[in-house]
Amino acid sequence: CSAQKGIMGMSLDNLTHFDAIITATSPCDNTMASYPFFEFMKNYPLIVADMPFVQDDESYSYVGMELRNSLEKLGKILDQEPDYKRMKEHIRIENKINQTMLDIFELKKAIPCPVSNIFNGFSSAAQIFLAGKQEKADFYEGVLEISKKRLKEGVHHGGEEKFRSIWPYMLVYFSMEFCEWLDRHLGMSILFDVFNYVFTENVRIDKDLDTMFHDMGRKTMNVPMVK
């Protein structure tokens with residue numbers, strides 16, 4: 001949530017420029033409050049998808065409509081039509097990834113945990129920077145195979161598991177080697193954190209666009225930090 005502050009400073013010094021900014025009114029109020037700066041101080045076009053507080057089908061459809069409208073607005077600014085056929089292909093990859101992640105988390109029930117702590121940090125990055133890409137699917141499939149091998153051999157990445165932990169918020173991202181230290185020196189497994197427990201039902205891409213965006217709205221609203 002503090003990342004926007006650095007971008008504000010870079011913008012004030014004209015070190016960066018945006019053709020447009022697109023965001024949603026979630027998850028954090030202080031994050032959302034940062035974006036009007038770019039619109040009013042730097043005149044960057046700002047597109048905001050609204051999100052209600054209530055969790056129900058009507059809200060999911062509303063968020064889906066907001067997402068679609070936002071893409072249409074962005075398309076007009078960039079003079080580029082949204083390619084929903086291409087979008088469906090990337091969502092298909094994400095649906096497959098969702099199942100692979102479920103398989104990985106099923107393995108985490110084993111003692112010792114066959115999935116190393118550092119997975120959580122890499123997974124957080126993959127969620128953001130590789131969304132909808134085959135490289136993301138390859139990453140999770142690779143982790144799954146390594147974890148299956150450890151499970152079969154009954155080994156723990158750090159040598160011995162003494163403790164198991166769940167982190168209700170995020171990892172210590174300024175020092176990713178801390179995950180390795182916990183594994184190797186404390187024998188503590190991190191089962192998951194807020195950025196990795198992101199499961200939801202698959203987005204249906206075999207029906208109409210309204211259904212697809214409804215499911216996208218549902219997935220968006222059920223991300224743990226948003227929810």
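The values are calculated or read from the model by the stated rules, or taken from the named source; none is laboratory data. Keep in mind that what you see is a predicted model, and the values were worked out from it rather than measured. Glycine also receives a Cβ, built like all others from the backbone with ideal geometry; neighbour counts cover every protein chain displayed. Heavy atoms of the whole protein, side chains included, go into the accessibility calculation; ligands, DNA and RNA do not. Shrake-Rupley method; radii C 1.70, N 1.55, O 1.52, S 1.80 Å.
So the values come out like this:
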{"item": "Formal net charge of residues neighbouring HIS185 (Cβ-Cβ distance under 13 Å; K, R +1; D, E -1)", "result": "-3"}
{"item": "Low-density loop cleavage sites - chymotrypsin sites (Phe, Trp or Tyr not before Pro) in the stretch 121-227, where at most 14 other Cβ are within 10 Å (DSSP)", "result": "TYR169, TYR173, PHE174, PHE199"}
{"item": "Distant-in-sequence amide H partners of MET188 (H built 1.01 Å from N, under 5 Å)", "result": "LYS162, PHE163, ASP183"}
{"item": "Relative contact order %, the chain, counting alpha carbon pairs below 8 Å whose residues are six or more apart", "result": "22 percent"}
{"item": "Spatially proximal aspartates and glutamates relative to LYS136 (Cα-Cα < 12 Å; intrachain offsets below 8 disregarded)", "result": "GLU94"}
{"item": "For the chain, size of Cβ-based charge dipole, Lys and Arg +1, Asp and Glu -1, in debye", "result": "500 debye"}
{"item": "Two-site label geometry, MET41 and MET10: point separation in nm, points 7 Å out along Cα→Cβ", "result": "1.5 nm"}
{"item": "Selection of GluC sites (Glu not before Pro), the stretch 132-216, meeting DSSP coil and at most 14 other Cβ within 10 Å", "result": "GLU160, GLU201"}
{"item": "Dmax and Rg, reported as Rg then Dmax, of the stretch 62-141 (C-alpha, Å)", "result": "16.5, 54"}
{"item": "Prolate/oblate/rounded call for the stretch 101-199, Cα gyration tensor, a/c under 1.5 rounded", "result": "oblate"}
{"item": "Placed amide H near ILE47: partners under 5 Å, 5+ positions off or other chain", "result": "ILE21, ILE22, THR23"}
{"item": "Qualifying aspartates and glutamates (Cα of each under 15 Å from Cα of LYS148; at least 8 residues distant if same chain)", "result": "ASP103, GLU106"}
{"item": "Tail weight of P(r) past 25 Å, computed on alpha-carbon pairs of the stretch 5-131, percent", "result": "46 percent"}
{"item": "Largest to smallest accessible area among CYS28, CYS179 [probe 1.4 Å]", "result": "CYS28, CYS179"}
{"item": "Mean shadow area of the chain over all directions, Cα convex hull, nm²", "result": "13.9 nm²"}
{"item": "Cα coordinate range in the stretch 154-227, projected on the principal axes (Å, largest first)", "result": "52, 29, 16"}
